[in-house]
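Working notes, beginning with the structure itself.
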Amino acid sequence: MSAPTLRSLAKTLGVSRTTISEALRGSDCVKAETAIRIRRAAEAAGYRINPLAGAVMSELRRSSSNTFRGVIALLTLDEPGRPEYAKKFYCEITRGAMESAQSLGFKTESFTSSGKTGVSMSRLNQILESRGIQGIVILPAWGDPDFSGLDWTRFAGVYTDYSIRKPALHSICPDHYRSLVRGLQKLRERGYKRPGLFMHRHTDERLLGRWQGAFLAFQNSNPEKRPVPPLVEDEITKDNFKKWFSKYNPDVVIGHQSEAIEWMRAGGASVPRTHGFFCLNTLRQHVPCAGLEQRTALIGARAVESVVAMLHRNERGVPEIPSLITIPSRWVEGPTVRRDA
């Protein structure tokens, strides 16, 4: 038995397809008793509205363009504690998302929720619904994001970070573990024997220990006489870094803060002659250095592609089994590590 359509419902009820469409959208143009009869018949027949198609037709009626297919919302939280350097990450994800959306015939609109400057979650829900937006890409949150206030039965969405619990959506993020293991293997090939890792505790916890886990696993599989324990602190300062560096003397230092290069030099190191420095995220470097490019724009592009695919499959709501897509980072050459022999 074929699925019910607007055409079949119109034929059964003896009204036009336009009347069926208007009634199911809740338009005031249809008499109340007729609208009730149509909605009951549609429900009994198992008819499912395709909101993506509705958004397309709505836009086509307003525009002479025949390429527009919908709008993807880029959502972020207003978080006062978010560090300034996170802006570069957000900008790159947004750029990738916008470029991907445009290539697929979609537009993007950015929204900020909660906090002093953002709209409330209930208001955001109303805005998205009124604009016919069903696709959502959530940008990374510094804390534990909560977008459960949205009516997810209406939306298809993904999160562009490691994991989200409220609600548990599909996620797309850098492959931190595999990228660091490969980076460590390449550093070892260049002669570095005693790598040392430093990072903020919050960063490590947000990623459920992905960076530190990769580092410790690599140490276990490549044992040295004196392995360097990771430096993980609430804040990485010049003082606690210098104490750690002086005590363990790693021959290559791995972390996010390129300021550590000057701290290493102050401790007697010559970079890259005697020691190396490798940045975990090149978006955070203040000076040229070797490191990992996390392909942030590609993450934004993949997020949009995933949402668009869900829209075309008419998938809405919180997935029963959320999936995780990881993007491997790219090695970037720089003047802070030795070149290949």
Before we move on, is Ala214 touching a residue at least 60 places away in the same chain (Cβ under 8 Å) and surrounded by 17 or more Cβ atoms within 10 Å (Cβ to Cβ)?
no
Of the numbered conditions (1) in a strand (DSSP E or B); (2) of a type outside the set (Asp, Glu); (3) touching a residue at least 60 places away in the same chain (Cβ under 8 Å), Gly196 fails exactly one; give the number of that condition.
(3)
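Could you tell me whether segment 151-170 includes any residue that is more than 18 Å from Phe111 (Cβ to Cβ), modelled with pLDDT of 95 or more, touching a helix residue (DSSP H, G or I) at 6+ places or on another chain (Cβ under 9 Å) and surrounded by fewer than 24 Cβ atoms within 10 Å (Cβ to Cβ)?
yes
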Selection count where residues are in contact with a helix residue (DSSP H, G or I) (Cβ under 8 Å, 6 or more places away or on another chain) and among the charged types (D, E, K, R), scope segment 206-258
6
Any residue in segment 101-115 that is within 24 Å of Leu207 (Cα to Cα), of a type in the set (A, V, I, L, M, F, W, C), at pLDDT 90 or above and touching a Gly at 6+ places or on another chain (Cβ under 7 Å)?
no
Quick one: would you say Gly183 is outside any strand (DSSP E or B), small (Gly, Ala, Ser) and surrounded by 15 or more Cβ atoms within 10 Å (Cβ to Cβ)?
yes
Residues of segment 302-323 being more than 30 Å from Leu283 (Cβ to Cβ), part of a loop (DSSP other than H, G, I, E, B) and out of contact with any Phe, Trp or Tyr (no Cβ under 7 Å at 6 or more places or on another chain), which ones?
Arg313, Asn314, Glu315, Glu320, Ile321
Candidate set from segment 12-47 (those that are surrounded by 12 or more Cβ atoms within 10 Å (Cβ to Cβ) and charged (D, E, K, R)); member that is modelled with the highest pLDDT:
Arg37
Given the criteria modelled with pLDDT of 90 or more, under 25 Å from Gln294 (Cβ atoms), assigned to a loop (DSSP other than H, G, I, E, B) and not assigned by TED's automatic domain parsing to the domain that holds Arg210, does Asp144 qualify?
no
Between Arg95, Arg82, Arg69, which is of a type in the set (D, E, K, R) and more than 28 Å from Arg313 (Cβ to Cβ)?
Arg82
Check whether at least one residue in segment 324-341 is under 23 Å from Ala168 (Cβ atoms) and part of a helix (DSSP H, G or I), and report yes or no.
no
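The values are calculated or read from the model by the stated rules, or taken from the named source; none is laboratory data. Owing to the predicted nature of the structure, the values given are computational and were not obtained by experimental measurement. Reconstructed Cβ throughout: ideal geometry from the backbone, glycine too, with neighbour counts over all protein chains shown.
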